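Presented below is the structure to which this report refers.
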Amino acid sequence: MKKSPYSPDDFMSSLYGKLCADPYKNTQSAEDVYSVSETIKKRAEDLFSLSALKDDTPPMMTKAGDCLVYEDYTLQKYSLDTCESLKTAVFVLTPKNIKENAPAVVALCGHGYGVRQILNISKNGKKKHIRYFDNYQNNFAVELVKKGCIVIAPELFGFGEARLEKDLIKPFYISSCDELSHHLLPYGLTTASMRIFQALRCVDVLYDMENTDKSRIGIMGISGGGLTALYSAVLDERIKRIVISGYVNKFRDSILSMWHCPDNYIPDIMRTGEIYDFAASLAPRELLIESGRKDKLFPINASLEAHEKIKSVYGKVNASDKIIIDVFDGKHSVSGEKSFDFLSR
């Protein structure tokens, strides 16, 4: 390997120790923890600049196709007015034998071919099995509705139908993340900002629905969807149950140690805290984390360290029983072994 005394490698490595915050370091009591958590949440509001997108009008949804009827559930596509000049395709999955006051979940896809990858459908609604990254998302929206949850799954900004028009002719797995992520920065926004805003509008929709139990509103995401799920929950207390799959780790060992999609990079975030600090700020709400032992994108050793940091904070507020860790023998993927029951109970 070629070397130069002017390469910035050492400088980049040194930034973590100099600038990455450790907000819970000196916390002792529950009061200390809650104070730090509130600071993290307030800083998150600034980090994602959602006030620039805020729309006080009620979420307006119009049907965007026929209702698809399957053995255990129905699936209806809607067009959701997300904010000025932006609509989001959302899919609502409803159990056939729905019970009154059912649990409800916002389901957030990761990178792949968009929301259809967690719905197991083609564009015309037919069942479709596409092996993309071993179908690492495991159709989890469908699995949740089969468990009795009302599920709302948005087409996240830059994926699938929500790509830039010039990208729609490209292969289904090519996102618009690069250009969107770069072009949002001059406005003080990120791709994460847009996806979080979409997720929170979906929470609005669930709150307006009949048959949803407001005390059992959940959110689940894998990989980039896990990023969106985490920070959405940090920003919205209405989300009571949180599942983060394939994301809880350390910035240093994942996002900053190898190539990741630019939608993972959020300006100034590390001066608020690490990934695990944001997850810890959710205490005492119910949190389930999935981490695969063979996950190469979010290495397991760093995930295990993050788990301990989060459990420590939950313990300080006497909420150790509110956090579940599912370390499974798999790759970067949804496990579902514990999370599906966790969200549907």
Inset, instruction - Check whether at least one residue in the stretch 65-80 is under 15 Å from L206 (Cα atoms) and in contact with a Pro (Cβ under 7 Å, 6 or more places away or on another chain), and report yes or no. - result: yes
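Could you please let me know if Y24 is outside any helix (DSSP H, G or I), of a type in the set (F, W, Y) and either in contact (Cβ under 8 Å) with a residue 24 or more places away in the chain or on the phi > 0 side of the Ramachandran plot (or both)?
Taking the combined requirement at face value, the residue satisfies it.
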Legend entry - Boolean, L93 is within 24 Å of P59 (Cβ to Cβ), among the hydrophobic types (A, V, I, L, M, F, W, C) and at pLDDT 95 or above: yes
Inset, instruction - Say whether the condition of being surrounded by fewer than 23 Cβ atoms within 10 Å (Cβ to Cβ) and over 19 Å from R285 (Cα atoms) is met by at least one residue in the stretch 226-237. - result: no
Legend entry - Where a residue in the stretch 170-186 is in contact (Cβ under 8 Å) with a residue 24 or more places away in the chain and within 18 Å of S122 (Cβ to Cβ) and its partner, wherever it lies, is surrounded by 15 or more Cβ atoms within 10 Å (Cβ to Cβ) and among the hydroxyl-bearing types (S, T, Y), with Cβ under 9 Å and at least six apart: F172/Y113; Y173/Y113
Legend entry - Contacts under 8 angstrom Cβ, first residue in the stretch 316-333 being farther than 18 Å from S29 by Cα, partner of a type in the set (D, E) and surrounded by fewer than 17 Cβ atoms within 10 Å (Cβ to Cβ), 6 or more apart: D326/E337; F328/E337; K331/D134; S333/D134
Inset, instruction - From the list E286, E210, pick out the single residue that is more than 12 Å from L108 (Cβ to Cβ) and in contact with a helix residue (DSSP H, G or I) (Cβ under 7 Å, 6 or more places away or on another chain). - result: E286
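Among the residues in the stretch 53-61, are any assigned to a strand (DSSP E or B) and under 30 Å from L119 (Cα atoms)?
Yes, the stretch 53-61 contains at least one residue that is assigned to a strand (DSSP E or B) and under 30 Å from L119 (Cα atoms).
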Legend entry - First in the stretch 136-154 and more than 23 Å from R201 (Cα to Cα), second anywhere and outside any loop (DSSP other than H, G, I, E, B), Cβ under 6 Å, 6 or more apart: K147/F340; K147/S344
Inset, instruction - For residues that are acidic (D, E) and assigned to a loop (DSSP other than H, G, I, E, B), scanning just the stretch 223-254, find the one that is farthest from the chain's Cα centre (by Cα). - result: E237
Inset, instruction - Can you give me the number of residues within the stretch 160-197 that are out of contact with any helix residue (DSSP H, G or I) (no Cβ under 8 Å at 6 or more places or on another chain) and crowded, with 22+ Cβ neighbours inside 10 Å? - result: 2
Inset, instruction - Looking at (1) touching a Ser or Thr at 6+ places or on another chain (Cβ under 6 Å); (2) more than 30 Å from P171 (Cβ to Cβ), find the lone condition where L80 falls short. - result: (2)
Inset, instruction - Mind listing whichever residues of the stretch 143-165 are closer than 21 Å to S232 by Cβ and in a helix (DSSP H, G or I)? - result: E143, L144, V145, G160, E161, A162
Inset, instruction - State which residue is surrounded by the most Cβ atoms within 10 Å (Cβ to Cβ) when the search covers only the stretch 17-72 and only residues that are of a type in the set (K, R) and over 20 Å from L189 (Cβ atoms). - result: K63
Legend entry - Count of residues meeting criterion [within 13 Å of the chain's Cα centre (by Cα) and at pLDDT below 95] in the stretch 194-210: 0
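The values are calculated or read from the model by the stated rules, or taken from the named source; none is laboratory data. Keep in mind the model is a prediction, meaning the values are calculated, not measured. Ideal geometry is used to build each Cβ from the backbone, glycine not excepted, and the neighbour counts take in all protein chains shown.
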